[in-house]
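Working notes, beginning with the structure itself.
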Amino acid sequence: MTRFYHPDRIDYDMVVSSGQDGRRQWTTAGVEVVDPSAIVVEGGGQMDGDLFRVYAASVAPRLRDFAERLTGVESDAGSTAGRYQSYQQVRGIIRDAEGMMLAEIRCDGSVTVLGELDPSLRRQFIGMINGWLPMTIREVDRYSYENALASLVKARRVVDSMLREVIGIAAGGPEPLPWDKVAAAAGTTPAALNAWFSTPDELINS
């Protein structure tokens, strides 16, 4: 189902501290009201995911200006390292009229749309459920154990990728769950979950 977006304002956030688990604490240092003309869709209609990502990425230059003003680093002076460091201390948050977080923007133009599964992963997961995974039972019935094992390992990696994606959404969304609650829901400990989440090639509880 197509999701539509109605951005209302952009919060310009700065880092105030970092927790022991490495997660940053942010505070809003500036707010920009979205110009309605900037989100008008050609031909009418509403802003879909692709158009929203383009709009969100267009915030990056203003976010860089904000970072440089905040830290006193001028765009035409100072070291490249200084500017880079200033860019790591800020983020832009697009919110709707109710204050719900829609997306996070960084100075390099990267955009994270909150609550949105990666499209490629979504296709893989649906394809697995509706396609090749049920065939694994037939492979076992045919004594084709090598094919069955290969399919199961592939399925486990797809499920693990989905698990990583959903954990990231749950812990980093508009109303993030505490890490201990995320770990409990995943059936593991906070320390084990943190170690796994920091090692992309590892399977959880492997």
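The values are calculated or read from the model by the stated rules, or taken from the named source; none is laboratory data. Only a predicted model underlies this, so the values are computations on that prediction, with no experimental measurement involved. As a convention, Cβ positions derive from the backbone with ideal geometry for all residues, glycine included, and neighbour counts pool all protein chains shown.
What to note about this one:
- Within region 51-72, the set of residues being more than 10 Å from residue 110 (Cα to Cα) and charged (D, E, K, R) comprises 62, 64, 65, 68, 69.
- On the stretch given as region 86-107, residues that are assigned to a loop (DSSP other than H, G, I, E, B) and in contact with a helix residue (DSSP H, G or I) (Cβ under 7 Å, 6 or more places away or on another chain) total 2.
- Residues that are modelled with pLDDT under 85 and among the aliphatic types (A, V, I, L, M) were ranked within region 169-195; the one that is farthest from residue 111 (Cα to Cα) is 195.
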